[in-house]
Amino acid sequence: MYSRKLALSQAKKYRTCPPPHIADNPAHKEYLRQHLEICPYCSTRVMESNRSWGHLAKQIQDFSPSPLSHEKQNGRQTGQIRHIRDDLGRWREGYFYNPPLILVLEEIMEDSDAFLVAQMYHDIYLAGPGDLILSGEQTETDELFVECWNIYVAEATSLESPTGQVTPEITGAVRQLGQNPRAYPDWAIQPKPLADYDARIYFRELETEIGLIFRKR
Amino acid sequence: MEKWLESPDARNVLSWVTRSVMKYASSKNLSLTFLRQDISWYDANDEDFREDVRSELVLFILENRPKIQNILVLGKRNSHYYLRRAFINHWIEKTRRPLMDPRRYLHKHAADVLRASENFHTFVGRGRSLGFSAVAEHISIPPLSAEDIREISFPEQSLEYEYINKKKVLLQLAAYFLNQVSKMWGDKPVGVDLRDFISWLGLHVSVQAPVPLRLVSDGKELLPLLPDHRPAADGICFDPVLVKKWAWNFANRLSEKERAVFLLRHGHNLSLKDIAGKLGYKGSSGPKYPLDCAERKLKFFLCDLPWLSPDDLNKEAFSLFRDMLLLNIKNIKNK
């Protein structure tokens, strides 16, 4: 059995601990020292093991889904699943904020350099009311969920190449859930309502913070 | 066939299939009772495991000679893949018996009972696993977390494996479980994954395989299948080194202002008015903002830490954390 609390710990690490290529970079030494002073998960020993896993991480990256075809990239951008550029990850108050995956909802007409996007996450145990869980077939990548309550404007130039694509029906459902977190379409998986001390309450705090950092200023 | 088994070609096929089946058995947690062994038997020696799997494989080939002969001896393409699949199926089939692999047997038995029942609707859910619901028109839900499953109390008096494995009892428990999950979703009709139902049963009734006969000291009786209600070690004990480290981490997480206000409020029990006076704020609302920030950070910091988060709070661990936190704040302040 998998616990939500464990999923939350993983999410905190995934979102706010430096990945090996940052932890290994001497230019980040001082930031890393500050991080180790405040992070309950990272310690010298963990960082060492991160280094040894660095090689494996690189291999996994090589096997990760390739960007969509050129034809798809140049087509309609609404519905594309993209990462915010890796080099935009940044330090803040001792934490390293890793760029999230997003779903492009709309090209903004008045500003050709910006998209309306919804933030996404991969561990569906952390999905709550108003989140839309999508299967691997629906995303053309993996099982993910869209945080329909965490929608913001991101710069077009801050996005990586698309790694997945969803149908207009799904982007429509995301917009609907953004307005009304109960408006699930018939086909959707419905997450459990939030309870007291629910790990997902804290997860949402974390995700809101991530959104605030990577949105267009 | 016997001649073929001695050939170098057969040795290669047997080694490959053995290795591949071992990997599969470990990743899918197949019951080792198939090999008439307890898991601890193999802890120290992987070689014994390999040998036991290999000899079971040879036995399987000999027992199924007519079927397997044509494929192996004639060297048909992909024959080793066929043998691997057939042997894994044989392993699973052999362990789907009440006392060989109780959990797997219970899963299969529950699936059969639910499929045959007119009171339940069954369907294929995520990951091709079986799901069940009370009505055909139900909402899909994600897999239940450990917290969700623990929240559902057990309604029956008897916690014996043989008792819950009866058709009538299984159906009653399935209906109860479905009803409780439905309540969690605001009384909506839900479809639940059979694996979640079995996990819940496993919390209250032992579904672990008993120690095989020849490993029981007197060799006469099987150990009874009773749930293990001893609390887990980390429920009673905590790691003080880790707790102290976290107190140090959190003291560093606060800003200078937050540390000062936090220490006076929680270390010296001063009112906001007195804190304002001590720290030179104009009014009692002055220290309120940094105090709120510090408390919010504390809540977020502790929310997923063992022994310190509200849902599994260990009072002793929390006292240690509190004392060390206040001490660390004082030390940082005095530096």
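The values are calculated or read from the model by the stated rules, or taken from the named source; none is laboratory data. Being a predicted model, the structure only gives us computed values, none of them experimental. Glycine gets a Cβ as well: all are built from the backbone with ideal geometry, and neighbour counts include every protein chain shown.
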> Any residue at all in the range A:195-215 that is surrounded by fewer than 16 Cβ atoms within 10 Å (Cβ to Cβ), within 14 Å of another protein chain (Cβ to nearest Cβ) and hydroxyl-bearing (S, T, Y)?
Replying inline: yes
> Where residues in the range B:23-56 are within 23 Å of B:V207 (Cα to Cα) and aliphatic (A, V, I, L, M), which of them is modelled with the lowest pLDDT?
Replying inline: B:I39
> Considering only residues of the range B:298-320 that are outside any loop (DSSP other than H, G, I, E, B) and among the charged types (D, E, K, R), which is nearest to the other protein chains (Cβ to nearest Cβ)?
Replying inline: B:D311
> So, in the range B:90-128, of the ones that are within 14 Å of chain A (Cβ to nearest Cβ) and touching a residue at least 40 places away in the same chain (Cβ under 8 Å), which residue ends up surrounded by the fewest Cβ atoms within 10 Å (Cβ to Cβ)?
Replying inline: B:F123
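Is it fair to say B:A251 is more than 10 Å from chain A (Cβ to nearest Cβ), in a helix (DSSP H, G or I) and at pLDDT 90 or above? Spell out how you get there, then give the answer.
Working: more than 10 Å from chain A (Cβ to nearest Cβ): no; in a helix (DSSP H, G or I): yes; at pLDDT 90 or above: yes.
No.
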> Counting just the residues of the range B:130-155 that are surrounded by 15 or more Cβ atoms within 10 Å (Cβ to Cβ) and more than 14 Å from chain A (Cβ to nearest Cβ), which one comes out nearest to B:D187 (Cα to Cα)?
Replying inline: B:A134
>> Could you tell me how many of the residues in the range A:171-194 are touching a Phe, Trp or Tyr at 6+ places or on another chain (Cβ under 9 Å) and more than 8 Å from chain B (Cβ to nearest Cβ)?
In response: 5
> If you check B:V192 against the conditions, is it under 21 Å from the mean Cα position of the chain (by Cα), assigned to a helix (DSSP H, G or I) and within 14 Å of another protein chain (Cβ to nearest Cβ)?
Replying inline: no
>> Just to be sure before I move on: is A:T208 part of a helix (DSSP H, G or I), touching a strand residue (DSSP E or B) at 6+ places or on another chain (Cβ under 7 Å) and among the polar types (S, T, N, Q) in the structure I sent?
In response: yes
> Only one of B:E295, B:E258 is buried (at least 17 other Cβ atoms within 10 Å of the Cβ) and part of a helix (DSSP H, G or I); which?
Replying inline: B:E258
